[in-house]
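For reference, the structure discussed in these notes is given below.
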Amino acid sequence: MADFLTDKPAKLERAFLVGVQTPEMPAGEAAELLAELRELVENLRIQVARAELVNLRRATPALLLGSGKAEELVALARAEGADVIVFDEELSPAQQRNWEELSGLAVIDRQEVILEIFADRAHTREAILQVALARMEYSLPRLTRAWTHLSRQRGKGAMGGEGETQLEQDRRIVRDRITHLKAELAAVVRQRDIQRRRRQRVPVPTCAIVGYTNAGKSTLLNTLTGAHVLAADKLFATLDPTTRQLALRGNQKLLVTDTVGFIRRLPHGLIEAFKATLEEVVIADFLIHVLDVTSPHFEHHHATTLGVLGELGAAGRPIITVFNKVDAATPAMLARARQLEPGALLVSARSREGLDLLEERCLERIAEAHAVTELLVPHSRYDVIARLHAVGHVQSEEQLDDGVRLIGRYPPAQAAFFAPFVVP
């Protein structure tokens, strides 16, 4: 099968970035996105030779930009010795093809950069399948980039007429591969559902850590639970969800899941492909939304995360908003954070500052989901007391002549088991 990247150099080394400011965008947003694109490209170990910001009044079907501006940018890219032009704006397959013909260079957009990073970082079977599916669906309408002679034949047909063209054959192979990947992914998701149901037989409250990429979610999980999840200062360091148990005050247990970071202009195909992974967000009892208080763009990151949660159907989940990295923050940064989210917690996952308050807030969220109940358990049924400690939260425990009096909470799914011991 011909790869849709066939015409590109084997190793891209120098990139020329193009950002686009349209009249609909707030002033300065394109510059912020272009800076983010630079970091994305550098994550692929490609040197950024130059970045240009273009003001666009009206998009053109052929090249997105006007032909004069396009020729000017191509000349700049060649002068910088670039071997790839990277657009921050999404290019149609035709626009991408026209740019490559005009420049003689590889031309990609933000979507393709993110897809390449995800492909580089995926480790579990599910993540690898999801990325492969997203890449195949992205490549299908772009297969013509790999073939300049579209009438190239693959042999004669059964009736002796013109045979199947190479392009048609490649499209059929890619469609078959997409079908196969979807079937494989469905099988993996079914297996994970079985594992989750086993876990839910002993129900424990759950929360998911969400937020913009590189906000410190994995570091927070590691600090809270003693996990050893990769926590690196780079975009999309964590693609695969990791769940660890956190022991809160009073032996209250909480399952905490770290999720993939969100980003502005995340390819829609990736949102669809990663819904299976991110459904941990949808079923969690509550979410911990982590923001990097030192980022000059955390307002945009806040809006992006809430937007993606809405696409996932998780907009109604209870949220604890946390501003991380306060140990490196200035008073002005903290003031902006309080203005955006007055009730947010200010923490440092590295120094543990504010984490006691976060754990208390988690206990409050659990308490809101599970009502406090009084139980009287006979001395002969210490298994009931052990179970309450295991699946719920015990606020107080008192030894009486006729049994043990407990004040605590337990998940609704356990109501039938504890019902005989509830004090009216």
Separation between Cα centres of segment 392-423 and segment 341-370, rounded to whole Å: 26
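Treat every Asp and Glu Cβ in segment 371-421 as -1 and every Lys and Arg Cβ as +1, leave all other atoms uncharged, and give the resulting dipole magnitude about the Cα centre to the nearest 20 debye. Please list the in-between numbers first.
Working: 4 positive and 6 negative charges, 48 e Å.
In debye, rounded to 20, segment 371-421 gives about 220.
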Report D for segment 14-111 in µm² per second (integer): Stokes-Einstein, Kirkwood Rh on Cα pairs, 25 °C, 0.890 mPa s. 184
Would you mind checking the radius of gyration and Dmax of segment 371-421 based on alpha-carbon positions, in Å? 9.8, 30
Percent antiparallel among DSSP beta bridges with both residues in segment 312-424, to the nearest 5? 85
Volume per residue (Å³) of the convex hull spanned by the alpha carbons of segment 323-424 is 127
Count neighbours as other Cβ atoms within 10 Å of each site's Cβ, and list the GluC sites (Glu not before Pro) in segment 45-88 that are DSSP loop with at most 15 such neighbours. Glu80
Compute the distance in nm between two label points, each set 7 Å from the Cα along the Cα-to-Cβ direction, one at Asp120 and one at Arg190. 3.6
Highest mean first, how do 249-260, 38-49, 58-69 rank when packing is the count of other Cβ atoms within 10 Å averaged over residues? 249-260, 38-49, 58-69
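Only the coordinates and a few stated rules stand behind these numbers; no lab work does. Owing to the predicted nature of the structure, the values given are computational and were not obtained by experimental measurement. Glycine also receives a Cβ, built like all others from the backbone with ideal geometry; neighbour counts cover every protein chain displayed.
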